[in-house]
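J.: For reference, the structure I am asking about is given below.
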Amino acid sequence: MTDATQARLFPAVDPALVRDFLRAEPDFLHQDPDLLSDLGLRPDASNIVDFGPAALARVSAAHEREALVRRQIEATARANHSAQAQTHAAVIDLLDARNHSDLARRVDEMAILRFGLAAGVVVLEGPGRVPAGWHALIAGQIDMTMGDHGVARMGFHAPALGLFGDRIDQIRSMALVRMALWEPSRQGLLAFGSADPEGFTADMGADLVAFLARVVERTAERWPIL
């Protein structure tokens with residue numbers, strides 16, 4: 001059926017005219033049970049049009065959608081509060097480090113115990129000595145690893161798997177944040193690995209891991225590399 005034919009057979013109806021007609025002729029609906037059924041309505045014993053199953057189902061579905069949104073907002077608020085509390089505790093743990101190797105150990109424990117991740121690694125680029133417990137990279141390798149991602153890179157990146165040593169098979173996503181340590185500056189990374197492919201994603205904000213990287217930077221600069 002062409003649009004022209006459909007328009008001729010079923011001309012547009014003004015909703016206001018329909019509303020006025022139903023107000024003027026309230027018995028029109030009452031006397032047509034098939035139409036009431038199609039509309040999801042039914043007359044009750046007092047001859048008042050009542051909501052039928054279809055209308056009630058629509059109301060119930062709308063209520064469920066509102067309840068779902070509310071639960072999602074509440075869950076997000078609880079997760080944010082928990083993450084903030086864990087971050088505050090993690091900062092205290094890092095600041096209590098006694099030396100570079102202890103700092104690297106605390107980063108790994110923080111990742112596993114406080115954030116449920118698979119690993120946390122402190123990375124330092126050469127040339128020069130690298131503290132015990134830190135992962136060493138040759139000069140220029142951090143730029144190659146980060147590509148054009150600037151300060152942080154979130155998500156899975158296969159070339160960065162080697163940062164996680166013997167836990168490489170557990171890593172399904174990662175967060176990498178640049179660091180600059182000491183003077184003259186040496187390039188470093190704070191790297192977190194997750195066993196969950198959705199643990200870190202490319203569209204995820206990096207504020208939390210960037211903040212932790214700054215804490216690691218300042219803490220590491222307490223001691224010279226021996």
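Every read-out reported here was derived from the displayed coordinates using simple, explicitly stated rules and does not represent laboratory data. Fair warning: this is a prediction, and the values are worked out from it, not measured in the lab. All Cβ positions, glycine included, derive from the backbone under ideal geometry; neighbour counts span all protein chains shown.
J.: Suppose R0 equals 30 Å; then what is the FRET efficiency for ALA158 and ALA89 from their Cβ-Cβ distance, rounded to the nearest 0.05?
T.: Working: r = 32 Å, r/R0 = 1.08.
Given R0 = 30 Å and the Cβ-Cβ separation, E is 0.40.
J.: Once amide H atoms are built 1.01 Å from N in the peptide plane, which residues 5 or more positions from MET179, or in another chain, come under 5 Å H to H?
T.: GLY188, LEU189, LEU190
J.: Please work out how much length the chain gains when fully extended from VAL151 to ASP207, using 0.36 nm per residue of separation minus the C-alpha to C-alpha distance, in nm with one decimal. Could the numbers behind the result be given before it?
T.: On the way: separation 56, 0.36 × 56 = 20.16 nm, distance 1.05 nm.
Separation in residues times 0.36 nm, less the Cα-Cα distance, equals 19.1 nm.
J.: Would you tally the net charge around ALA158, using a Cβ to Cβ cut-off of less than 14 Å, leaving ALA158 out, and scoring K and R as +1, D and E as -1? Please report the intermediate quantities before stating the final value.
T.: On the way: positive: ARG153, ARG172; negative: ASP169.
Once all neighbours under 14 Å are counted, the net charge is +1.
J.: What is the sum of charges around PRO184, taking Lys and Arg as +1, Asp and Glu as -1, for the other residues whose C-beta is under 13 Å from the C-beta of PRO184?
T.: Values: positive: ARG186; negative: GLU125, GLU183, GLU221.
Neighbour charge sum, excluding PRO184 itself: -2.
J.: Below 12 angstrom from the Cβ of ALA195, what's the summed charge of the other residues (Lys, Arg +1; Asp, Glu -1)? List each step's numbers first, then the result.
T.: Details: positive: ARG167, ARG172; negative: ASP169, ASP196, GLU198.
Value of the local net charge: -1.
J.: Okay, moving on. Explain nothing, just the number: relative contact order of the stretch 86-220, from Cα pairs under 8 Å at least 6 residues apart, as a whole percent. Each step should come with its number before you reach the end.
T.: Working: 244 pairs, mean separation 34.8, N = 135.
It comes to 26 percent, rounded to a whole number.
J.: Here's a follow-up. What FRET efficiency comes out for LEU113 versus TRP182 if R0 is 41 angstrom and r is the Cβ-Cβ distance? Round to the nearest 0.05.
T.: Numbers: r = 29 Å, r/R0 = 0.70.
Between LEU113 and TRP182 the formula returns 0.90.
J.: How high is the FRET efficiency from ARG23 to GLU64, r the C-beta distance, R0 22 Å, rounded to 0.05? Mind showing how you got there, number by number?
T.: Working: r = 33 Å, r/R0 = 1.48.
For ARG23 and GLU64, the calculated efficiency is 0.10.
J.: Taking the Cα-to-Cβ direction at SER101 and at GLU221 and moving 7 Å from each Cα, how far apart do the two end points lie in nm?
T.: It is 2.5 nm.
J.: For the pair ASP34 and ARG172, how long in nm is the line joining their label points, each one 7 Å along Cα→Cβ?
T.: 5.6 nm
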